[in-house]
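First up is the structure itself, then whatever we jot down about it.
The values are calculated or read from the model by the stated rules, or taken from the named source; none is laboratory data. Please read these numbers as outputs of a predicted model, since none were measured by experiment. Cβ placement follows ideal geometry from the backbone for every residue including glycine, while neighbour counts extend to all protein chains displayed.
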Amino acid sequence: MSPILLAVAPIFGLILIGFALRRVEFPGPGFWPVSERLTYYVLFPALLVGGLSGRDFDQSAVGLAATLFASVCLAAGGLLAVRRWLPVSGPAFTSVFQGAIRPNTYVGMSAAAALLGPDWMTLSAVALLTLVPLVNVLCVLVLARHGVNGGGARRTALELAKNPLILACVAGFALNGLDIALPVVVDDLLSIMGKAALPMGLLAVGAGLRGEGLRDSVLPVATASTLHLILLPLVAFGCAEALGLDAVSRQAALIYTAVPVSVSAFILARQMGGDHRLMALIITFQTLVSALTLPLVLALLG
């Protein structure tokens, strides 16, 4: 079995365990929403802040950020350009759009930790600080234009200002830039909390999978999944080659463009008038299919 497949197999194993636990209603239906909030607002930020303090960033960080920024913008621009020819409603298009560009950071960081070596946290921080603001701005703007509830610049700014991943990355980079060393006790506390973030996040991803009504939404689900799991990493590979990225940075760019769509896309779709039922189907389908496509993309292009 290939090293890449061996590395990503436990990631999808945890997702399947989360799905199975929800199906048997263990430890209870109220557990999963609470655990997801705990992971998103506490454990994951602790992982980022603790992991970023004391890290060294070199010139490759700029190339990785440029690759990811260009890849997402090209994919988003292409999708918007063909919007008029897609036989879907406005709210359904917003779900296709999110499904095409929004990465699942839990899966991405788990794959990065398994495959990128000792610099995985540094590379992941660069990826998150590039992708999270960019993807949120693009998705909120598209939802404001094509969703039922709409929105505007104020909502976009508010969504970004309160995003815990962005705040954690900014805090970690600030500690790094100011050369502030965390006290040993605080660093150990963040490390312990951070170790719980990825398994808890992956279990929550599995618990959130839904498949009802997939046969009635084959076209939008297939469109979003093909764009995200195949075309987006191909674009990222082309941008990485054009910018001359080193092998590890190129692998990081592929990981964060080949992972499935984030479960947070469902929440945003429901809040801003997107087709949240279609969004749930896209999330489920991509998460399952990416168990095959992610190792394949990394093996062929990485």
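Checking the structure you have, find out if any residue of region 209-222 is surrounded by fewer than 24 Cβ atoms within 10 Å (Cβ to Cβ) and within 17 Å of the chain's Cα centre (by Cα). Looking through region 209-222, at least one residue is surrounded by fewer than 24 Cβ atoms within 10 Å (Cβ to Cβ) and within 17 Å of the chain's Cα centre (by Cα).
Filter region 257-291 down to residues that are of a type in the set (Ser, Thr, Tyr) and modelled with pLDDT of 85 or more and give me whichever is surrounded by the most Cβ atoms within 10 Å (Cβ to Cβ). That would be THR257. Of all residues in region 46-61, those being modelled with pLDDT under 90 and in a helix (DSSP H, G or I) number 8. Check ARG83, ARG102, ARG37 and return the single one that is closer than 19 Å to GLY274 by Cα and without any contact (Cβ under 8 Å) to a residue 40 or more places away in the chain. Answer to the selection: ARG83. Within region 231-258, residues that are in contact (Cβ under 8 Å) with a residue 40 or more places away in the chain and farther than 12 Å from LEU74 by Cα have Cβ atoms under 9 Å from residues that are among the hydrophobic types (A, V, I, L, M, F, W, C) and not in a helix (DSSP H, G or I) in these pairs: VAL248/LEU116; GLN251/LEU116; ALA252/LEU116; ALA252/LEU245; ALA253/LEU245; ILE255/LEU116, counting only partners at least 6 apart in sequence or on another chain.
Exactly one residue among ALA100, ALA168, ALA157 is part of a helix (DSSP H, G or I) and in contact with a His (Cβ under 8 Å, 6 or more places away or on another chain), and that residue is ALA100. Whenever a residue of region 212-230 is farther than 18 Å from ALA81 by Cβ and at pLDDT 95 or above, its partners that are of a type in the set (S, T, N, Q) and part of a helix (DSSP H, G or I), lying with C-beta atoms within less than 7 angstrom and at least six residues away or across chains, give the pairs SER225/GLN286; LEU229/GLN286; LEU229/SER290; LEU229/THR293; ILE230/THR293. Within region 117-150, if we keep just the residues that are outside any helix (DSSP H, G or I) and within 20 Å of ILE101 (Cα to Cα), the residue that is modelled with the highest pLDDT turns out to be GLY147.
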